[in-house]
Each structure stands twice: as C-alpha cells, then as structure tokens.
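Student: One structure is given below, represented as structure tokens, and several questions about it will come after.
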Amino acid sequence: MILVTGATGNVGRVVLDKLSAAGQDVRALIRNPARASMPPGVEAVPGDLADPASLSAALSGVDRMFLLLPPGTHPAPVVETALRSGVAHITMLGSLTAQTHPDSPVGRGTLHAEQALRDSGLGWTALRAWEFASNTLAWAPSIRDTGVVEVPHGGLPSPVIDPADIASVAATVLAQADRGGHDGKIYPLTGPEDLTVADKVGMIAAALGRELKLEDHNDAQAAAEAMWLPGVCTIEGPGVLPTVEDITGTPARSFRQWANDHVHAFR
Ligand SMILES: NC(=O)c1ccc[n+]([C@@H]2O[C@H](COP(=O)([O-])OP(=O)(O)OC[C@H]3O[C@@H](n4cnc5c(N)ncnc54)[C@H](OP(=O)(O)O)[C@@H]3O)[C@@H](O)[C@H]2O)c1
C-alpha cells in the first residue's frame, strides 16, 4: 500500500491519479476527507502532518509513502512515525534550492528533511524540484479581472517545471521502489526551457487566445528581499536538467502545455 500526502495539491493529486491508474494500492492522507473528491478506488484517510500522532490509521499497512512537508510540519517526527508503522521507503518532495542555494531558508529546510530520512535507516528517494509552473496561478485573478499581470520585478529566466512531471517521477519511483535502483538517490527536477516572466505571460495569453499586458515595476529591492515572488524567480536557476526524461522515459512538459491544460483557471 502506498500513502500519498499532499493529495489535494498540484503534485500529490497527480501522483494519486497515476498510481491508481497503474493499478497500485494507494491511499490518500487528507486533513478533511469530507471535502476531497478522490479517484475511483482510492480511500481517503484523515491525518495531519503537523500532528504525527494523527497519522497512525493512515499509515496502517503502508509500505511506501509519497511525502511532502507543508509549512509548519517537522520531518523527523513524521519519518519516525512512518518507520514505527512499518513504512520501508519514502519518496520525498523538496526544493532544488538545496543544491543551488543551500544556505537559503528553503534550501536548508530541504537539506534538514533529507537528513531526517538518512538518519532514519528507511529507504528513501529525494526529489528536488525547481520553480513550479503552477506558481503562475497567483496571476489568475488579475488576468481574469483586468488582463494585466503586475509583478514587482521580472526576475531571472527559470526552467519552470510542470507539477505533473514531478508527479510522474514520484509515481515511477514509488511503483519501482521495492525493486531498488532509486534508493538513496537525489533527483534534481526542472522543466525543459529557461523562461522569463514575459515568456510565461505570452504563453498564457496564447492559451487564452487574447492579449495580456505585463507590468514589471522593476523594484530591485523587492527582488533582493525575496527568492520567489508570485510566478517570478529572483535567483539564478540551475539550467535545464534531463532528470524527468531520464527517470520517466518521457520528455519534460513545456510551460506552453501546462498553460493549455490549465487555461480554465485564467478564464
Ligand atoms: N511551488 C514551488 O515552486 C515549489 C518548488 C519546489 C518545491 N516545492 C514544494 O512542493 C510542496 C507543495 O506542493 P504542491 O504545490 O503540490 O502543494 P499545494 O498544491 O500547495 O497543496 C498542499 C497540499 O498539502 C496538504 N497539506 C497542507 N498542510 C497539511 C498538513 N498539515 N497535513 C497534511 N496535509 C497538508 C494540502 O492539503 P489540504 O487539502 O488539507 O489543504 C494539499 O494537499 C511544498 O512542500 C513545497 O516546499 C514547491
């Protein structure tokens, strides 16, 4: 049995869909199961990652786990609870800033969580993802209301990744975990091209079939103070990496494809 956390989110929901479609026994950890709709045959079990004691029912009979750690959750108690419940392998989602900016708060958080996995003695695989395409959903209200994307700063080009590709890598690792090969591996994940904010706005406009205006306020201080602004990456990226295709056998999906798939959110 595979337990998927973050199962209502951008990545976890697709992990659930892919594992369920592949015929794996899969269960979703959900804070409020009454509010969530699940794929056919997937059971939703309540639990809160911020309260590891609440996880025992969800972990019963589970041997593999997809883990993402939302803000306010601590890796060690969750990993220890999983180990005590009989979990053998955890595939964990973290940030590629662990490699590019290890001294940043986000990079340190991922390194800390990965250390908890190493210390546990469990089998583990770490996914380190770069900027998600779905971060541009923060622009959806203003695109819908005014057709304008207003950013404090345009940031730097970034190889933004479709969360569905992270989910594909996770599902591949989870389905193969008992056959080894992925144990103790760290997978750095990016999309297939470096894109500016203007590129992304242009691709959303093309998906919508109407013009959008980009207002870049060029506020250097705002860019210096935050690594990420909504839909904007202000730090030097890792460049385009081949890992998605290496693991899944399928090229990483483009932002253009993501925008077409999610155009309804911007209408
Ligand atoms: N955005 C990026 O650019 C980026 C880049 C690298 C890594 N990441 C990592 O990716 C993860 C976010 O992934 P995502 O975008 O797929 O998530 P998301 O869409 O933001 O959804 C968060 C998920 O976590 C669940 N959740 C939140 N708090 C929880 C708790 N205390 N206990 C149990 N479940 C909880 C939510 O469930 P509810 O339905 O209960 O709210 C939801 O399913 C984070 O760990 C982030 O650090 C993000």
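Student: Say whether the condition of being in a strand (DSSP E or B), more than 9 Å from the ligand (Cβ to nearest atom) and crowded, with 21+ Cβ neighbours inside 10 Å is met by at least one residue in segment 72-83.
Tutor: Restricting attention to segment 72-83, the residues satisfying the condition of being in a strand (DSSP E or B) are none.
No: segment 72-83 contains no residue that is in a strand (DSSP E or B), more than 9 Å from the ligand (Cβ to nearest atom) and crowded, with 21+ Cβ neighbours inside 10 Å.
Student: Can you tell me how many residues in segment 88-117 are over 20 Å from the mean Cα position of the chain (by Cα) and in contact (Cβ under 8 Å) with a residue 40 or more places away in the chain?
Tutor: Count: 1.
Student: Quick one: in segment 84-95, which of the residues that are crowded, with 19+ Cβ neighbours inside 10 Å and polar (S, T, N, Q) is farthest from the ligand (Cβ to nearest atom)?
Tutor: Top of the filtered list is 91.
Yes/no matrix, rows are residues, columns are (1) closer than 24 Å to residue 14 by Cα; (2) modelled with pLDDT of 95 or more; (3) of a type in the set (Asp, Glu):
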{"site": "62", "(1), (2), (3)": "yes, yes, no"}
{"site": "67", "(1), (2), (3)": "yes, yes, no"}
{"site": "71", "(1), (2), (3)": "yes, no, no"}
{"site": "76", "(1), (2), (3)": "no, yes, no"}
{"site": "81", "(1), (2), (3)": "no, yes, no"}
{"site": "90", "(1), (2), (3)": "yes, yes, no"}
{"site": "94", "(1), (2), (3)": "yes, yes, no"}
{"site": "101", "(1), (2), (3)": "no, yes, no"}
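Student: Let me ask something additional. With respect to residue 98, is the statement that it is in contact with a Ser or Thr (Cβ under 8 Å, 6 or more places away or on another chain), of a type in the set (A, V, I, L, M), within 12 Å of the ligand (Cβ to nearest atom) and part of a helix (DSSP H, G or I) true? Working first, answer last.
Tutor: Details: in contact with a Ser or Thr (Cβ under 8 Å, 6 or more places away or on another chain): yes; of a type in the set (A, V, I, L, M): yes; within 12 Å of the ligand (Cβ to nearest atom): yes; part of a helix (DSSP H, G or I): yes.
Judged against the criteria, residue 98 is a match.
Student: How many residues does segment 1-24 contain that are in contact with a helix residue (DSSP H, G or I) (Cβ under 8 Å, 6 or more places away or on another chain), of a type in the set (A, V, I, L, M) and surrounded by fewer than 18 Cβ atoms within 10 Å (Cβ to Cβ)?
Tutor: 1
Student: Next question. Return yes when residue 128 is over 14 Å from the mean Cα position of the chain (by Cα), on the phi < 0 side of the Ramachandran plot and of a type in the set (Lys, Arg) and no when it is not. Walk me through how you get there before you give the answer.
Tutor: On the way: over 14 Å from the mean Cα position of the chain (by Cα): no; on the phi < 0 side of the Ramachandran plot: yes; of a type in the set (Lys, Arg): yes.
No: the conditions fail for residue 128.
Student: Would you confirm, using the coordinates I've provided, whether residue 57 is more than 20 Å from the chain's Cα centre (by Cα), more than 9 Å from the ligand (Cβ to nearest atom) and surrounded by fewer than 21 Cβ atoms within 10 Å (Cβ to Cβ)?
Tutor: Criteria met by residue 57.
Student: Condition first: away from the ligand (no atom under 13 Å from the Cβ) and open to solvent by 20 Å² or more (accessible area, probe 1.4 Å). Now tell me which residues in segment 60-69 satisfy that.
Tutor: 60, 61, 63, 64
Student: Taking segment 33-54 as the search range and keeping residues that are open to solvent by 50 Å² or more (accessible area, probe 1.4 Å), of a type outside the set (Lys, Arg) and part of a helix (DSSP H, G or I), which one is farthest from residue 117 (Cα to Cα)?
Tutor: So the first thing to find is which residues in segment 33-54 are open to solvent by 50 Å² or more (accessible area, probe 1.4 Å), and the list is 34-35, 37, 40-41, 43, 46, 48, 50-51, 53.
The next check asks that each one be of a type outside the set (Lys, Arg); those that pass are 34, 37, 40-41, 43, 46, 48, 50-51, 53.
Applying the additional criterion that residues be part of a helix (DSSP H, G or I) yields 34, 53.
Working: 34: 31, 53: 18 Å.
Ranking the qualifying residues of segment 33-54, first place goes to 34.
Student: Give the residues of segment 107-130 that are part of a loop (DSSP other than H, G, I, E, B) and open to solvent by 10 Å² or more (accessible area, probe 1.4 Å), sorted by residue number.
Tutor: Result: 121, 122.
The values are calculated or read from the model by the stated rules, or taken from the named source; none is laboratory data. Only a predicted model underlies this, so the values are computations on that prediction, with no experimental measurement involved. Ideal geometry is used to build each Cβ from the backbone, glycine not excepted, and the neighbour counts take in all protein chains shown. Side chains are part of the model used for accessible areas, which takes the heavy atoms of the whole protein and leaves out ligands, DNA and RNA. Shrake-Rupley method; radii C 1.70, N 1.55, O 1.52, S 1.80 Å.
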